[in-house]
Every structure is written in structure tokens, then in C-alpha cells.
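Taking it in order: structure first as C-alpha cells, then the write-up.
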Amino acid sequence: MTIFSSKIETFRFGSDQRVFGKLQFIGGLDLTSNNALFGAFSSIRFRPDGAHFVGVLDTAHWLEGRIERDPSGRLSGLADVTVTSMKDRQGRTESAKARMDSEGVALRDGQVLVSFEGDARVDVYPDPGFTQSRPLKTLPILLPRDRLKRNRSLEMVAVSPQDSPLAGAPVIVAELSFDKDDHLLAAVLEGPRKGVFGVVQKDPFAVTDGAFLPNGDLLLLERRFSFAAGLGMEIRRIKGDDIRPGAVVDGEVLISADLGYQIDNMEGLDVVVQPDGDIHLILVSDDNHSILERSLMLEFKLLP
């Protein structure tokens, strides 16, 4: 599959500003392809080499490839990109969106975890071999299903660091489904802090993805949309030690952006530790296979 890349040199339109909140803009790409399957990014995770990635599209497809960089280290393109239809629990491909609305992905030793909306669940696939396999099992999500909105449920799944308070457990946060106190439903699915917790919702934002920092803090990517105000996004940092059963967590907003910036329908976020120890964030957007939206990949450095 051939991917065409146009570089994004500045984040804010008409400005050479580089620092936004607690992040420094490194660079970005506007991505297109003549293959109709490409697009609709929901989530992305990078392999330990920081170049190869695994992603899911909300059309029940796997996305694999690697990023390329120019001599200055900025994103320059994607290579070796493949899109493969995901198999459901019966081994079927090209499944109906109601069953296979894949929204989040996470990697851990020997496994790829995928969260789904509609039929809300977290399925576990083998790694390697996930593109040719049906799920090995489904993890209990712990959340009350009667409170999960069909199209506003499990947008994200993220695996915590092994040496963090959550001890490598997967964590889920609902997009816009609430507990009885109007907090976003969330859960630690395994380990010493297994249980349900709440996340303060920042109206009008909805959670679209999340990723853990090496120290165990959780970053949440959040998106807003209205016809009056247009698109917006923010990234919030939740202290890892605050996450425990029964807790209600909130955190500092690291960056906030609207249509005055190079954003679109931002849906995916991952943390990539560089060889020199710098922590980078890579974001992707979901173009919904629409000519009115873009598939973007943006890279930021987390400032000390």
C-alpha cells in the first residue's frame, strides 16, 4: 500500500511557535492513499524500536507499518503499510460495524488487546499472529453494562508499565458513559488495583484514547465537537498513583487546541521514549473516510 505524506511544519496556523502548554511541537504529516481501506484511524501503538507500529481502524481492520524520519529527525512518511481485516470471535472477517467497532489497541508481551464499542468488550489476540487469528479470549470489563452508551463506550485501552502502581494491568476509560455521579466510567482490569474508578469529565470533551508515561501517569486524549465551536482537542495527565478502585481522578491539561491549529478528529495517542530518554507523544486523527476530514500524524515532545 502506498501512502502519500505532506509535511506539517508548524502546529499553529500562521505562527512559528513551537511550545504549546507542556508540549513542544516536533512535526507532523498529512496522510493520503489511493487505497480505499486507508484512514479511519482509531488508535496506534509503537513497538519498542519506536518506528514500527500497530493500529486499529474503526472499520474492523488492523494497520501495520513504520514511520520514516528526515535527517533532522522529523516525521517524513510511512512505509511498509498494510491493512488487514480483523477476525471476530467466530473467525469471520469484514464483520458488521455493530459487532466490530474497534476503537482502542494496546500491546503487551505476546498479546494485542483491542477495545470495542457497540458490543463493548476487550478482546485479546496473539502477538505475533494477530492479523490471522480470532481472539484468544475476552477480558471482563467490570463496568456496569446498563450504563454504557452504545456509541460512547470503550474508546480506549492502555497497558500500564510493569513497575508502576498498576503493575502492568490494562486500563479502560469510557468515551462518554457515566457512573451515577456523572463521572466517566473507568476500570483497572487486572492486578493489585483491579476495580472500577471514575474520571472527571471535562465538558464538552470526550475521551478518545490514552497512553501511559514511563513513570505510570496516564495521558488522556480528549476531543470536542460542535457545529458552533468546531473541533477541539486536549491532553490531560492523570497521576498513576491516584488510580485505584473507588477513586475519582482528574489532572493537569498539557495542551489544548482548536481549529486555529493543525488538528482534525484526533482519536489516537501513544507515548514513544526516544533513545536519548526524551518522551515523545504521537497522535493520529480519524478521517471517517470523508473528503472533509484529514488523516494526520502529529508528534510532540513532553517538556520537563
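Whose amide H sits under 5 Å from the amide H of residue 26, counting only residues 5 or more places off or on another chain, with H placed in the peptide plane?
299, 300, 301
Among the listed pairs 137/194; 22/202; 7/239; 87/194; 202/239; 149/239, give every one whose C-alpha distance is greater than 25 Å. Kindly include the intermediate steps, with their values, before the conclusion.
Numbers: 137/194 18 Å; 22/202 18 Å; 7/239 34 Å; 87/194 28 Å; 202/239 16 Å; 149/239 27 Å.
Going by Cα-Cα distance, 7/239; 87/194; 149/239 fall outside the 25 Å limit.
Please report the relative contact order for the stretch 1-146, taking Cα pairs under 8 Å with a sequence separation of at least 6, and give it as a percent rounded to a whole number.
17
Would you give the gap between the C-alpha center of the stretch 236-304 and the C-alpha center of the stretch 161-215, rounded to a whole Å?
What the calculation gives is 15 Å, centre to centre.
Counting pairs of alpha carbon atoms under 8 Å apart in space and at least six apart in sequence, what relative contact order in percent does the chain give? Before the final figure, lay out each step's value.
Details: 851 pairs, mean separation 51.0, N = 304.
Computed over the chain, the figure is 17 percent.
Skipping prolines and chain starts, which residues have an amide H placed within reach, meaning under 5 Å, of the one on residue 40, given they are 5 or more residues away or on another chain?
287, 288, 289
Ratio of Rg to Rh for the stretch 9-157, alpha carbon only, Kirkwood?
1.02
Express the carbon and sulfur contribution to the solvent-accessible surface of the stretch 76-143 as a percent, rounded to the nearest whole number, probe 1.4 angstrom.
On the stretch 76-143, the fraction of accessible area on carbon and sulfur atoms equals 49 percent.
For the stretch 122-147 and the stretch 1-77, what is the centre-to-centre distance using only Cα atoms, to the nearest Å?
First find each Cα centre; the distance between them is then 26 Å.
Residue 244 versus residue 69, label points 7 Å from Cα toward the beta carbon: distance in nm?
3.9
Given 20 °C and 1.002 mPa s, how large is the Stokes-Einstein diffusion coefficient of the chain in µm²/s, with Rh as the Kirkwood radius over Cα pairs?
112
Just to check, using Stokes-Einstein with a Kirkwood Rh over alpha carbon pairs, what's the diffusion coefficient of the stretch 1-53 at 20 °C and 1.002 mPa s in µm²/s?
Diffusion coefficient, whole number: 157 µm²/s.
If you roll a 1.4 Å probe over the heavy atoms of the protein chains, what accessible area per residue do you get for the chain, in Å²?
Here the per-residue accessible area is 41 Å².
The values are calculated or read from the model by the stated rules, or taken from the named source; none is laboratory data. Predicted model only: the values in this text are computed from it and were never measured. Here Cβ is always computed from backbone atoms with ideal geometry, including for glycine, and neighbour counts include all displayed protein chains. Remember, those area values only see protein heavy atoms, side chains included, never the ligands or the DNA or RNA. Shrake-Rupley method; radii C 1.70, N 1.55, O 1.52, S 1.80 Å.
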